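See structure below.
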Amino acid sequence: MEVHFTPEVEARLNQLATETGRGKDELVQDAMAGYFDELVQVRKMLDSRYDDIKSGRVKLIPGDEAFERLRAKSQARRKSQA
């Protein structure tokens, strides 16, 4: 398999390989393994949240209400810091 990087990414990979003494192949494999682990975690979380919504355990909030709540929290935080 071949992987093509932009010159900037290639330079960063070369620099990290030099700094750590590890091979570029090893660094890329480790990065991809970590990326896939993170994707699995995100997928599980999204599936769980979808199941919560579908089952009714979590109720959806209309967008305008959600934004209003955020605005109120932001205003309260600003007042408490003043």
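The values are calculated or read from the model by the stated rules, or taken from the named source; none is laboratory data. Model, not experiment: these values are computed from the prediction. All Cβ positions, glycine included, derive from the backbone under ideal geometry; neighbour counts span all protein chains shown. Quick note on the areas: whole protein, heavy atoms, side chains included, nothing else; ligands and nucleic acids left out. Shrake-Rupley method; radii C 1.70, N 1.55, O 1.52, S 1.80 Å.
Table for the structure above
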quantity: From the coordinates shown, P(r) over Cα pairs in 5 Å bins from 0, in percent corresponds to which of (1) 3, 10, 7, 10, 8, 7, 9, 10, 8, 6, 6, 6, 6, 3, 0; (2) 3, 11, 10, 11, 10, 9, 9, 9, 14, 12, 2, 0; (3) 3, 16, 33, 30, 15, 4, 0; calculated: (2)
quantity: Karplus-derived 3J(HN,Hα), 6.51/-1.76/1.60, for each residue of segment 42-55, Hz, glycine and proline x; calculated: 5, 4, 4, 5, 5, 4, 5, 5, 4, 4, 4, 5, 4, 7
quantity: Solvent-accessible area per residue, Å², over the chain with all protein chains present [probe radius 1.4 Å]; calculated: 93 Å²
quantity: In the chain, the trypsin sites (Lys or Arg not before Pro) that fall in loop regions by DSSP, at most 15 other Cβ within 10 Å; calculated: ARG22, ARG57, LYS59
quantity: Percent accessible area from carbon and sulfur atoms, the chain, protein chains only, probe 1.4 Å; calculated: 55 percent
quantity: Coil-residue chymotrypsin sites (Phe, Trp or Tyr not before Pro) of the chain, DSSP, other Cβ within 10 Å capped at 14; calculated: PHE5
quantity: The chain, dipole about Cα centre (Lys/Arg Cβ +1, Asp/Glu Cβ -1), debye to the nearest 20; calculated: 940 debye
